[in-house]
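Taking it in order: structure first as structure tokens, then the write-up.
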Amino acid sequence: MKYDNITKAIFISRPNRFIAEVDIEGHKETVHVKNTGRCKELLIPGCEVYLTAPGNPERKTKYDLVAVRKSNGILFNIDSQAPNKVVKEWLLERDFDKVIPEYTYGESRIDFYMERGDERYLMEVKGCTLEVDGMGYFPDAPTKRGVKHLRELQKAVNEGYKAVLAFVIQMDGVSEVIPNKKTDPEFEEAFEAAKSGGVEILFLRCHVDPDSLIISDTVS
């Protein structure tokens, strides 16, 4: 998954979860943050960030903030739309007979439905942007929606589906993601129940450049 254009900037502040103030070569610019999570360990005043300009004249902001370099030097993609885009590209390269995004199952919309022969798959995708000492954590804020999806996947296993929870690790150097129990104990409980109930946990390791996010390896 590549961005058409990228501009380097320096992060100043984040007045609310939707926008940030950045410095582009001495010019202060208000930009849209493509991630409503906290990202408080990433978006620190003075850090290096990368912006893309969608080119829509109707927008209030010219740029989207899509990547940030952490104090440890690692580049993070924080675009919350990127995981589904990169997973769709990845799935279309696999030998599935059918790949359908945004599939309605039960009371949820699951990210992907796939078929291979007589086998039916449901896959929910979660992007991981929280790293501590080389380990990925999810979520970085409580997620009722994430808990609901895990319960739907567990139900799907009982109905004969192959159900997968796929974590897109939006940084280099991290191979695994574990539930962030301190932030969301309900998600951790639902995660363990789903795992015990037959939901496959898949870690999609990625390589991040300022203008791209690429799945480099998979670990299950």
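Rule-based calculations on the coordinates, nothing more; no lab input. Computed from a prediction, not measured in an experiment: that's the story for all the values here. Glycine gets a Cβ as well: all are built from the backbone with ideal geometry, and neighbour counts include every protein chain shown.
Which ordering of 27, 32, 149 is given by a fewest-first count of other beta-carbon atoms within 10 Å?
Numbers: 27 8, 32 17, 149 25.
Lowest to highest Cβ neighbour count: 27, 32, 149.
Nearest 10 degrees is fine. How inclined is helix 82-92 to the longest principal axis of the chain, computing both from alpha carbons? That works out to roughly 50 degrees.
Take every DSSP beta bridge whose two residues both sit in the stretch 7-77, then give the antiparallel share in percent to the nearest 5. Each step should come with its number before you reach the end.
Details: 21 of 23 bridges.
The answer is about 90 percent antiparallel.
Remark: relative contact order (the stretch 7-77) = 29 percent; criterion is Cα-Cα distance under 8 angstrom and separation of 6 or more residues. Taking 0.36 nm per residue of separation and subtracting the Cα-Cα distance, full extension of the segment from residue 214 to residue 80 would add 46.8 nm. Each of 63, 202, 153 was placed along the dipole of the chain (beta-carbon charges, centred on the mean Cα), and the one lying farthest toward the positive end is 63. Between residue 47 and residue 159, the modelled labels are 4.0 nm apart [label points 7 Å from Cα along Cα→Cβ].
Full extension of the chain between residue 25 and residue 202 yields a length gain of 59.7 nm, computed as 0.36 nm times the residue separation minus the alpha carbon distance. What does DSSP give for the chain in terms of the percent of beta bridges that are antiparallel, rounded to the nearest 5? In the chain, approximately 70 percent of DSSP beta bridges are antiparallel ones.
If the elastic network links every pair of Cα atoms under 10 Å, which of 75, 92, 204 fluctuates the most in the Gaussian network model of the chain? Its mean-square fluctuation being the largest, the pick is 92.
For residue 67, the residues whose modelled amide H falls within less than 5 Å of its own, excluding neighbours fewer than 5 places apart on the same chain, are 50, 78.
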